[in-house]
Structures are given as C-alpha cells and as structure tokens.
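Q: The structure that follows is given in the form of structure tokens.
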There are 2 protein chains.
Amino acid sequence: METPQRILIKNALILTMNARKDVFYGGSLLTEGGKIIRVEPGEIVPEDVRNLRVIDARGGIVMPGMINTHTHLGMSFFRSLADDRKDRLRKVLFPLEKAVVTDDLVYWASLHSLTEMIQGGVTTVFDMYYFEEAVARAADRAGLRAFLGETVVDSPSPDSPEPYGGIAYARKFIKAWKDHDLITPAVAPHAPYTVDGPHMIECRDLARSEGVPMTLHLNEMPFEMEQFQKEYGTSPVVRLDELGVLDEGVVAAHCIFTDQRDREILKERGVGVAHNMAANIKAAKGVAAVPEMLELGIPVGLGSDGPMSGNTQDLLSLMGTVSQVHKLVRLDPQAMPPSAVVEMATIGGARALHIDGITGSLEPGKRADIVIMDHSSPAMFPVYDPYSVLVYGASPRDVDTVMVEGRILMENRKIPHLDMSEIRSRGQEFYQKICALPALNELGLQAVRPQN
Amino acid sequence: METPQRILIKNALILTMNARKDVFYGGSLLTEGGKIIRVEPGEIVPEDVRNLRVIDARGGIVMPGMINTHTHLGMSFFRSLADDRKDRLRKVLFPLEKAVVTDDLVYWASLHSLTEMIQGGVTTVFDMYYFEEAVARAADRAGLRAFLGETVVDSPSPDSPEPYGGIAYARKFIKAWKDHDLITPAVAPHAPYTVDGPHMIECRDLARSEGVPMTLHLNEMPFEMEQFQKEYGTSPVVRLDELGVLDEGVVAAHCIFTDQRDREILKERGVGVAHNMAANIKAAKGVAAVPEMLELGIPVGLGSDGPMSGNTQDLLSLMGTVSQVHKLVRLDPQAMPPSAVVEMATIGGARALHIDGITGSLEPGKRADIVIMDHSSPAMFPVYDPYSVLVYGASPRDVDTVMVEGRILMENRKIPHLDMSEIRSRGQEFYQKICALPALNELGLQAVRPQN
C-alpha cells in the first residue's frame with residue numbers, strides 16, 4: 001500500500017455527508033498524514049506541493065468510504081452453497097463449519113472477502129466469525145479498518161472443542177490486537193438463543209473491561225422471538241437489557257422484529273443497529289422497522305451479512321434494495337430516500353459503530369477514508385442527483401479509487417498490494433475440498449461438482 | 001460488428017435453459033451462420049476448422065442472451081431526475097418530454113441505453129417510447145434484437161401534435177421496418193387510462209393487420225384500478241378483453257394488480273407479461289403475483305422499465321431483487337428460486353414475446369444469442385450453484401462476451417462497433433440543455449446544475 005504524505009483530490013463532485021449534507025460541485029479535498037485537512041467547494045491551492053499526490057476526480061463522485069456494519073468474512077468460500085434451504089443454519093452451516101473451518105480457511109476466505117469490500121468501496125467492516133485472529137491478519141494485510149468479533153456459542157465451534165470456548169479465544173485475541181492502528185478486536189456472542197444469560201454477561205464484562213465493542217445477532221429469527229416470549233414473556237432486546245448487557249459498546253445485527261419498547265431500549269442504551277436488508281428478505285424473515293429507528297435517533301448502519309446470506313458484501317449492490325423495499329413496505333415512494341440510504345452506508349454506519357468522530361464523512365480532522373466513484377458506465381449517467389445515482393444506479397464496477405487513512409488501497413480498479421490470483425487459487429483448493437466432503441451428500445445437497 | 005462464420009465455445013459451464021434445464025460442466029457449443037448447431041456436455045471437435053472462431057470459456061458461465069421485456073430506451077438522459085416524486089408521470093415527465101424529446105434525443109438516448117443493455121448481457125429488448133424510428137436506427141446500429149413499440153396517447157406527444165397521432169406514426173413506422181432481420185416494429189397504446197376503447201381497438205387492428213406485436217402498461221396504477229372499477233365495474237384486463245384486444249400478440253407490462261379472473265384471462269388469451277419488480281417497488285406500487293402467473297402458465301419475462309423508473313436496464317441488477325422480494329412477500333425462502341428467475345430472464349422472456357422458437361435458450365436450431373459471464377470477481381465465487389451465483393451475486397461487471405445471431409457485440413467487455421465517447425458526449429449536450437430548462441425550476445425541482 002502506498003502512503004503518500006499528502007493527497008489533493010480536485011475537480012470533484014464531493015458528497016461530504018457532514019451534518020449539513022453539503023454537496024460540492026467542482027470541489028477539492030486535501031489530506032495529510034492520513035487525515036482530511038481541508039474540504040472545500042472550490043479549488044484548493046496548497047502552499048507546499050512537495051510529496052503531494054494530485055488526483056483529478058473530474059467525472060467522478062467523491063464520497064466517504066462505506067461502512068459494512070455486519071458480515072462474516074470467513075464464509076466467502078461457502079457462497080452459493082445450499083442457498084434458500086430451510087433451517088440452513090443448523091442443517092447445513094453448523095455441520096459444514098465443523099468439517100472444514102480452520103484458521104487457514106478463515107484467513108484466505110477473509111482476504112477474498114476483503115478484496116470484494118475494497119472493490120465495492122467499503123473501508124470499514126464489522127466482522128463476526130471464528131478464528132478472528134486469522135481475520136485480523138487478513139484485514140491487516142488488506143489494509144481496511146476492521147472491527148473483528150470472535151464468535152461465542154453454546155456448542156463446540158470450529159475454533160473451540162468446548163462450548164463457549166470463544167470467550168477464552170476472544171480474551172487472548174483482544175489482548176493481542178487491541179493496540180493495532182486500524183483493527184479493533186471484539187467479542188461476538190452469537191445470539192440470545194445460542195448464548196445463555198450468564199455467558200452473555202461474561203462476554204459483556206470482557207468487552208467492557210477491555211474497552212472493546214461487542215456484537216451479536218438480535219431479534220432476528222421468528223423462533224427466537226417465540227422462544228423468548230415463551231420463556232421470559234418478553235423479547236430478546238428486553239431480556240438482554242434486564243441482564244444489563246446493552247450499552248453503546250454494542251452493535252446489534254438485524255433487529256428485524258422490534259416493537260416500540262424494544263426500539264426505545266435500543267435508543268436509550270445507545271445500541272447501534274446493523275440493517276441487513278438483502279440477507280433478511282432473501283431468508284424471508286422480514287424487514288426491520290428502520291424508518292422508525294432513525295426517527296427515534298437510533299444509529300443504524302448497513303450490513304451485507306455473510307456471503308452465504310447476502311450474497312454480495314459491497315454496499316452498492318444493497319443500497320437500491322434498501323431504498324426500494326422500505327418504499328414497498330410503506331407504499332410510499334418517498335420513504336427511505338437515496339440520501340438517507342447513503343447516510344446509513346457512511347456516517348450512519350460510523351454512528352452505529354461509535355466511530356463517527358473519526359470516519360463516515362469528509363470533514364477536516366477525520367481520517368482519510370475516501371472512495372472515488374467513476375460515473376462513466378451508462379447506468380451512472382446523468383447525475384441530476386448524485387444520491388439517486390449511487391443508490392439506484394451504481395454497482396461495484398463503478399468504484400475507481402479507495403483509500404483508508406490516506407493509504408491508497410485501490411486505484412483505477414487495481415489493488416496492487418494483494419495478489420488476486422493467489423487468493424483465488426487458494427479459494428479453488430478449499431472449494432475442491434468442500435465439494436469432496438461426504439457430508440455434503442449426506443445433507444442431501446444436490447450433486448456439487450468442482451468446476452474449471 | 002464481427003460476424004464469424006462459425007464460433008466454437010469450449011470448456012464452458014453451459015446453462016442451456018432448455019426444457020430439462022440441462023447444465024453442462026465443461027461443455028461446448030457450436031454456431032454456424034448465426035445459429036446454434038450443437039450444444040454438448042463434452043468436447044466438440046468440428047470437422048471443418050476453416051473460418052472457425054474458438055472461444056475458451058474456462059472460468060465463465062455461458063447462458064442465453066437475456067431478454068428485457070419492457071423498457072423506454074429513449075429516456076436514459078432523464079435518469080436520476082426527480083426520482084421518487086409523487087405523480088412524477090404527469091407533473092414532471094409529460095412536461096419534460098414535451099419540452100425536450102426529439103428524434104435526435106431519442107436516437108442518442110437509445111444508443112446510450114443499448115450500450116447499457118449489451119454491457120449487461122441483454123440481447124433482446126421490447127421498447128416503448130416516442131420517435132421509435134430513431135430507436136430503430138439506434139438498435140440497428142447497436143445490433144440487438146429489438147421489438148419497438150411506438151407509443152399512442154390521448155394527448156399531444158413529443159412526436160405528434162394531435163392526440164393519438166402515434167397511430168399514424170406507428171402505421172408508417174411498421175411498414176418501413178417490418179422486414180428488418182432483428183427489428184420488429186410494434187404499436188404501444190400507453191395504458192388503458194390514456195387510450196380510450198375505440199383507439200385501443202384501432203391499435204389492436206393495426207397490429208393484427210400488420211402481423212406485429214402490441215405492448216401496453218396494464219393494471220399498473222392504483223388510480224387506474226379505481227377508475228376502471230368506477231367506470232366499468234371491473235379491472236382494465238377484463239375491460240380490454242371485453243373490447244377484444246387481448247391475444248397472444250400482446251405483451252402487458254407490470255400487471256401489478258391482478259385477481260384470479262384477470263390472470264385466467266391473461267392465460268387464456270396468451271398475453272405475455274413483463275414483470276418490472278425494481279421499478280414497481282421503487283414507485284411503491286406493489287408486487288405482481290408472478291408465482292401465481294407462472295403456476296397458471298402465463299408467460300412472464302423480466303423488464304427493467306425505463307431508466308427513470310428502474311433505474312438500471314440490465315437484468316443482472318434486477319434478478320436478485322426479484323428473487324428476494326417474492327420470498328419476502330410470501331415469507332417463504334423457497335419462493336422464486338434462482339433457477340426460476342434466470343428462466344424468466346431468458347426463455348421466459350422469449351415466451352412472453354412469443355419468440356421462444358428462435359431465442360431464449362441454448363439449443364440447436366436457435367439463433368446464437370449468447371452471453372458469456374466471467375466469474376473472476378469475488379462476488380461470483382465459488383460456483384456451487386450457477387443459478388444462485390447469477391441471481392444473488394452477478395452484476396454488469398461480470399459480463400464478458402455478448403453475441404446476437406452469432407455477431408459478437410461485446411468481447412472482453414469491449415464494444416468495438418460503438419463509439420462510447422461520442423455517445424457520452426452527445427448525452428452531455430442533452431444533459432446541459434435539460435439542466436437549463438426553465439421548466440425544471442417551475443416544477444420546483446431542486447436546483448439542477450451541470451456537472452463536469
């Protein structure tokens with residue numbers, strides 16, 4: 001990764017995503033030492049032109065790097081396997097993970113996912129999986145800003161023969177990585193239906209004592225809602241709040257099924273919400289009440305969910321669906337307008353992760369996490385409204401340049417510091433291995449055959 | 001456009017979309033004189049290798065060219081203008097069209113749209129707009145298979161000062177173009193609420209006497225449904241059937257609001273349906289009962305709708321939404337599986353247009369309308385299930401090669417016979433002109449300013 005001392009982006013259509021949502025036509029942006037120092041509607045003429053890298057963004061849209069608030073990077077080699085099967089989590093995923101998930105697979109699958117993120121203009125991710133130490137090595141190599149939650153479950157998991165072994169793994173992982181520049185280790189109790197109360201509290205205590213975030217799946221499954229209603233007479237959100245585990249260090253993924261009381265608790269505790277529209281509707285679960293959450297002031301970001309669920313991990317593929325489906329649900333074409341969706345993909349995600357002080361918008365003082373979109377593809381023209389173009393028209397091919405803290409990860413669609421053919425070739429090996437698993441046939445999956 | 005005499009595609013994962021939905025891994029396909037002559041699961045060794053173009057499709061997915069059954073090609077320079085405004089049709093679109101739509105604009109906007117189609121793997125379109133003669137010239141230059149319906153409305157239109165002037169235009173247009181190889185002229189009464197009964201019949205008579213198709217918007221608008229209920233005590237479908245205008249020469253776009261009786265009529269009359277999911281939900285109208293239509297045997301294809309509605313015109317951006325939203329509506333993760341969506345995008349669309357005898361699947365005897373998808377982008381890997389990969393993961397960047405009747409329109413993502421910079425530059429001129437329209441400010445649109 002190249003780290004120019006200073007970068008000047010000029011002739012840019014800049015979506016600042018600041019509090020006023022300023023849009024600058026023909027604007028300029030200057031970075032220094034990984035931070036944005038100036039963002040202006042006109043030309044910037046720097047006094048010092050030494051070590052200055054100039055990027056002419058004419059014909060492009062400059063926006064904050066996007067924030068994927070919920071994914072499972074290590075699952076990318078399972079993508080398209082057994083899509084749409086009922087009870088896939090327990091019948092396919094858990095046995096599959098038990099059979100093949102290793103530190104090595106997670107490393108390469110995560111690196112593969114991170115190339116997808118970079119190509120899609122994502123600069124910050126909140127991941128949740130096993131072997132998070134491997135994810136951390138991959139994220140460090142890829143150069144993204146990453147929050148990495150080690151999963152904790154009530155059964156043996158790929159990285160732990162003991163139930164709840166993730167807690168010990170997380171404890172060690174957090175200590176080892178918590179001083180990294182871009183990587184924040186975290187703990188991720190899987191869900192209220194797979195982590196009991198005492199262990200949920202233990203996870204929360206760990207996160208609090210180490211000063212790191214916690215993430216979990218919450219109010220996601222119809223059976224989860226039923227189970228908590230039956231056992232506790234209330235919802236998982238309420239139950240977790242009674243246990244004292246909800247606070248602003250928590251990012252809750254999904255929250256598909258919430259009532260007004262749930263949402264008030266989320267707001268009051270400062271919990272961030274990861275809204276995973278495509279994964280949620282593909283799984284036929286439902287649509288989270290995001291307009292109500294935003295109305296109430298809950299910080300909501302967008303998430304792709306994992307590549308077995310999403311199935312893409314960029315947010316550009318997702319934003320149109322988010323806008324369209326909320327309109328359908330409300331029968332209101334003005335629900336969830338494009339600017340609100342771009343907000344969730346950027347500064348909203350930063351708020352959900354409580355990092356809006358350092359990223360999520362293009363403002364002086366913030367880290368230089370920046371994406372330059374190209375609008376040369378036909379679907380991106382004309383730009384009467386840049387938010388509309390991004391939400392309804394953009395796809396990953398339109399991302400040209402991506403930087404994190406002023407390091408250029410991709411330029412002209414090239415990612416020079418990652419060897420894509422090595423990553424794909426390792427992926428092919430894992431793919432062949434998975435295709436050969438007897439377990440796949442036992443699971444009644446249609447014949448899977450390795451492909452050229 | 002290059003027209004090799006014969007093309008051999010080898011080492012291909014072939015989705016034939018034939019009646020058995022055969023999928024060949026490592027298969028081969030041979031074309032000759034614009035037709036497919038062999039499609040086989042293994043190697044084809046042609047006896048005659050003269051004038052043989054060999055394409056190694058290793059790492060790709062070979063599928064039938066996709067069929068966009070409903071769009072408005074000439075509107076691409078209006079994309080992102082006043083998205084999501086209520087009553088946009090009458091308050092923004094009709095005045096805008098009156099002010100700027102000319103033969104010249106339609107030609108360049110259509111050519112621009114057609115590059116989007118080619119890049120997105122679309123080989124057949126059914127268009128409906130004004131100045132269809134200009135669309136025909138653009139389609140002829142681009143080389144797609146095109147059905148082009150001249151719009152008829154009860155008010156003055158861009159190409160006619162008189163109400164219903166489109167009928168005379170269509171009459172002339174059909175005579176001039178009906179013997180073209182790839183282009184089929186057609187007539188397009190706008191909708192039951194903009195074309196009265198006698199003129200609807202006149203359109204139908206014209207289409208029948210010339211042996212060309214007819215297309216229209218049908219059962220699309222809540223106010224349309226109310227109006228027909230009030231005036232005729234029934235739905236537009238029933239009313240049009242009473243007028244005798246529905247038959248298998250008709251392609252009905254949208255059909256969002258249908259009851260069982262409507263669907264039985266559509267089935268009985270052999271009407272093809274264009275399902276425009278993204279446009280329909282973006283406009284907060286609703287979701288057509290497509291699973292019920294398919295169950296009944298109605299031929300249903302996918303449509304993008306116009307670029308002010310869709311806003312993309314490829315089908316790859318649309319297929320995931322189609323699959324996901326039908327699952328949501330039914331709360332069933334197995335509703336509208338990926339293979340059914342790919343079917344609608346290919347042979348289903350061909351059935352809706354009644355051209356399944358010549359295109360829509362890869363079978364000997366059919367025209368060589370073929371797309372080769374590349375699965376090198378991270379979102380396209382691995383391919384456990386090619387339908388799933390296409391529907392949930394693919395985007396236009398993954399289209400590598402496109403051919404229509406054996407003519408290669410795009411290869412390695414390059415379209416050599418179209419000058420993209422000329423098309424964009426003409427688009428810029430129209431864009432500047434539209435931005436300068438006083439009418440835009442009068443319409444209360446937010447300040448639109450020309451951009452670099």
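The values are calculated or read from the model by the stated rules, or taken from the named source; none is laboratory data. Keep in mind that this is a model prediction, so the values were computed, not measured. Using ideal geometry, Cβ is built from the backbone for each residue, glycine included, and neighbour counts are taken over all protein chains shown.
Q: Quick one: which of A:A139, A:A207 is within 18 Å of A:L73 (Cα to Cα) and in contact (Cβ under 8 Å) with a residue 40 or more places away in the chain?
A: A:A139
Q: Let me ask something else. In this structure, is B:Q451 touching a Phe, Trp or Tyr at 6+ places or on another chain (Cβ under 8 Å) and at pLDDT below 95?
A: yes
Q: A follow-up question, please. Of everything in the stretch A:43-81, what is more than 23 Å from the chain's Cα centre (by Cα) and either within 14 Å of chain B (Cβ to nearest Cβ) or among the hydrophobic types (A, V, I, L, M, F, W, C) (or both)? Give them in sequence order.
A: Narrowing the stretch A:43-81 to residues more than 23 Å from the chain's Cα centre (by Cα): A:43-60.
Answer for the stretch A:43-81, where residues must be more than 23 Å from the chain's Cα centre (by Cα) and either within 14 Å of chain B (Cβ to nearest Cβ) or among the hydrophobic types (A, V, I, L, M, F, W, C) (or both): A:E43, A:I44, A:V45, A:V49, A:L52, A:V54, A:I55, A:D56, A:A57, A:R58, A:G59, A:G60.
Q: Being under 19 Å from A:L182 (Cα atoms), part of a helix (DSSP H, G or I) and touching a Leu at 6+ places or on another chain (Cβ under 8 Å) is the filter here; which residues of the stretch A:107-133 pass it?
A: Once the filter is applied, which keeps residues that are under 19 Å from A:L182 (Cα atoms), part of a helix (DSSP H, G or I) and touching a Leu at 6+ places or on another chain (Cβ under 8 Å), the stretch A:107-133 yields A:S110, A:L111, A:S113, A:L114, A:T115, A:M117, A:I118, A:E132.
Q: If you check A:R141, A:R137, A:R88, which single one turns out to be touching a Pro at 6+ places or on another chain (Cβ under 9 Å), charged (D, E, K, R) and surrounded by fewer than 24 Cβ atoms within 10 Å (Cβ to Cβ)?
A: Every option except A:R88 fails the conditions.
Results for (1) of a type outside the set (D, E); (2) more than 30 Å from A:I281 (Cβ to Cβ); (3) outside the structural domain of A:D127 (by TED's automatic domain parsing), shown as yes or no for each residue.
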residue: A:A191; (1), (2), (3): yes, no, no
residue: A:T194; (1), (2), (3): yes, no, no
residue: A:G197; (1), (2), (3): yes, yes, no
residue: A:E202; (1), (2), (3): no, yes, no
residue: A:D205; (1), (2), (3): no, yes, no
residue: A:M214; (1), (2), (3): yes, no, no
residue: A:L218; (1), (2), (3): yes, no, no
residue: A:M221; (1), (2), (3): yes, no, no
residue: A:E226; (1), (2), (3): no, no, no
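Q: Continuing with this model, one more query. If I ask for residues that are in a helix (DSSP H, G or I) and under 17 Å from A:P386 (Cα atoms), which ones from the stretch A:325-366 would you list?
A: Once the filter is applied, which keeps residues that are in a helix (DSSP H, G or I) and under 17 Å from A:P386 (Cα atoms), the stretch A:325-366 yields A:P338, A:S339, A:A340, A:V341, A:V342, A:E343, A:M344, A:A345, A:T346, A:I347.
Q: Sticking with this structure for a sec: Could you figure out which of (1) crowded, with 16+ Cβ neighbours inside 10 Å; (2) over 30 Å from A:A340 (Cβ atoms) isn't true of A:P95?
A: Condition (1) is where A:P95 drops out.
Q: In contact with a Lys or Arg (Cβ under 7 Å, 6 or more places away or on another chain) and surrounded by 18 or more Cβ atoms within 10 Å (Cβ to Cβ): which single residue out of B:L30, B:L52, B:L81 fits that description?
A: Every option except B:L30 fails the conditions.
Q: Let me ask something additional. Kindly list the number of the only condition in (1) within 14 Å of another protein chain (Cβ to nearest Cβ); (2) in contact with a Gly (Cβ under 9 Å, 6 or more places away or on another chain) that fails for B:G286.
A: (2)
Q: Let me ask you something else. Output the number of residues of the stretch A:156-207 satisfying the condition of being touching a Pro at 6+ places or on another chain (Cβ under 6 Å), part of a loop (DSSP other than H, G, I, E, B) and crowded, with 18+ Cβ neighbours inside 10 Å.
A: So the count comes out to 2.
Q: Then there is this: Read through the list (1) buried (at least 24 other Cβ atoms within 10 Å of the Cβ); (2) without any contact (Cβ under 8 Å) to a residue 60 or more places away in the chain, then give the number of the only condition that A:T346 fails.
A: Of (1) buried (at least 24 other Cβ atoms within 10 Å of the Cβ); (2) without any contact (Cβ under 8 Å) to a residue 60 or more places away in the chain, only one is false for A:T346: (2).
Q: What's the number of the condition A:D400 fails, among (1) out of contact with any helix residue (DSSP H, G or I) (no Cβ under 9 Å at 6 or more places or on another chain); (2) within 14 Å of chain B (Cβ to nearest Cβ); (3) assigned to a loop (DSSP other than H, G, I, E, B)?
A: A:D400 satisfies every listed condition except (3).
Q: Report whether or not A:K10 is more than 22 Å from the chain's Cα centre (by Cα), basic (K, R) and surrounded by fewer than 18 Cβ atoms within 10 Å (Cβ to Cβ).
A: So A:K10 does not fit the description; no.
Q: Let me spell it out: the conditions are (1) over 30 Å from B:D259 (Cα atoms); (2) part of a loop (DSSP other than H, G, I, E, B); (3) modelled with pLDDT of 95 or more; (4) within 14 Å of chain A (Cβ to nearest Cβ), and B:M373 meets all of them except one. Which number is the exception?
A: Tallying (1) over 30 Å from B:D259 (Cα atoms); (2) part of a loop (DSSP other than H, G, I, E, B); (3) modelled with pLDDT of 95 or more; (4) within 14 Å of chain A (Cβ to nearest Cβ), B:M373 fails exactly one: (2).
For every residue, the table says whether it meets (1) surrounded by fewer than 24 Cβ atoms within 10 Å (Cβ to Cβ); (2) more than 14 Å from chain B (Cβ to nearest Cβ).
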residue: A:G303; (1), (2): no, yes
residue: A:L315; (1), (2): no, no
residue: A:L318; (1), (2): no, no
residue: A:S323; (1), (2): no, no
residue: A:L331; (1), (2): yes, no
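Q: Another question, if that's okay. Filter the stretch B:98-110 down to residues that are within 14 Å of chain A (Cβ to nearest Cβ) and in contact with a Gly (Cβ under 8 Å, 6 or more places away or on another chain) and give me whichever is surrounded by the fewest Cβ atoms within 10 Å (Cβ to Cβ).
A: Filtering the stretch B:98-110 for residues that are within 14 Å of chain A (Cβ to nearest Cβ) and in contact with a Gly (Cβ under 8 Å, 6 or more places away or on another chain), the one surrounded by the fewest Cβ atoms within 10 Å (Cβ to Cβ) comes out as B:W108.
Q: Could you please find all residues in the stretch A:310-331 being among the hydrophobic types (A, V, I, L, M, F, W, C) and touching a helix residue (DSSP H, G or I) at 6+ places or on another chain (Cβ under 8 Å)? Steps first, answer last, please.
A: Let us first name the residues in the stretch A:310-331 that are among the hydrophobic types (A, V, I, L, M, F, W, C), namely A:315-316, A:318-319, A:322, A:325, A:328-329, A:331.
Listed by number, the residues that qualify are A:L315, A:L316, A:L318, A:M319, A:V322, A:V325, A:L328.
Q: Condition first: at pLDDT below 95 and either surrounded by 22 or more Cβ atoms within 10 Å (Cβ to Cβ) or not assigned by TED's automatic domain parsing to the domain that holds A:G143 (or both). Can you find one or more residues in the stretch A:361-369 that meet it?
A: No, the stretch A:361-369 contains no residue that is at pLDDT below 95 and either surrounded by 22 or more Cβ atoms within 10 Å (Cβ to Cβ) or not assigned by TED's automatic domain parsing to the domain that holds A:G143 (or both).
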